[in-house]
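Have a look at the structure below, then the notes.
The values are calculated or read from the model by the stated rules, or taken from the named source; none is laboratory data. Nothing here was measured: the structure is a model prediction, and the numbers come from that model. Backbone-built Cβ (ideal geometry, glycine too); neighbour counts: all protein chains shown. Surface accessibility is based on the protein's heavy atoms, side chains included, excluding ligands, DNA and RNA. Shrake-Rupley method; radii C 1.70, N 1.55, O 1.52, S 1.80 Å.
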Amino acid sequence: MTPHPVTAVHLTEEAVRVITDELRTADNSRETGGILLGHHVHDTVTVRHAGTPGPDAVQTPAYFLRDLAHAQTLADQAYAQDHSVWIGEWHTHPTSRPVPSARDAATYRQLLNDPELAFHSFIAVILGQRAPHWDMTAWTCHDNTITQVAVHSPPRQPQHQ
């Protein structure tokens, strides 16, 4: 059965805590991020776990690439814990708005078109700096279109340190 199109993304307290902790400790002049793990039920994606970049991640002012081995370990742990699966990624845009860049869009299309991954849709959570806070947006990628969707999270706003 094909899941319904995503209209909302809900982040759990645990996922928000991981993202917030990463924002507090990261070099905010470079992009950072990680994988998102959870469940897609009806038209809502629930992000139960957010990953960190990992020790071998590539991080520049305009580009982030997760550490694949680190991401796989996190995915295996999340699946064993509550059957969460890879549903997307989060990352920062330290010098631009929290909207998908052309590079982001190309990456999402590549992931969606990979038959081994079998994604129906891909979720992107992007955070853009607006001192002293980060603006968070969520996007769903489906059938080569990227659409902003509602994002719901516990009332904890990441702040710059």
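Criterion applied to W90, W86 was being within 12 Å of the chain's Cα centre (by Cα) and open to solvent by 60 Å² or more (accessible area, probe 1.4 Å), and the one residue passing it is W86.
Per the listing A75, A26, A50, the residue uniquely over 24 Å from H142 (Cβ atoms) and either touching a strand residue (DSSP E or B) at 6+ places or on another chain (Cβ under 8 Å) or not small (G, A, S) (or both) is A26. Flag: A69 matches the condition of being exposed (fewer than 13 other Cβ atoms within 10 Å of the Cβ), under 24 Å from D114 (Cα atoms), in contact with an Asp or Glu (Cβ under 8 Å, 6 or more places away or on another chain) and among the hydrophobic types (A, V, I, L, M, F, W, C).
A Cβ distance below 9 Å, combined with a sequence gap of six or more or placement on separate chains, defines the contacts here; from region 80-97, residues that are over 16 Å from G54 (Cβ atoms) reach residues that are among the charged types (D, E, K, R) and assigned to a strand (DSSP E or B) in the pairs Q81/R48; D82/R48; S84/R48; R97/D135. Taking the criterion of being small (G, A, S) and surrounded by fewer than 19 Cβ atoms within 10 Å (Cβ to Cβ), the residues of region 25-52 that qualify are A26, S29.
Can you tell me which residue in region 14-66 is farthest from R97 (Cα to Cα), limited to those that are small (G, A, S) and assigned to a strand (DSSP E or B)?
Going through the qualifying residues, I end up with G38.
Selection within region 99-127: residues that are more than 15 Å from C141 (Cα to Cα) and not acidic (D, E). The member of this set that is nearest to the chain's Cα centre (by Cα) is L127.
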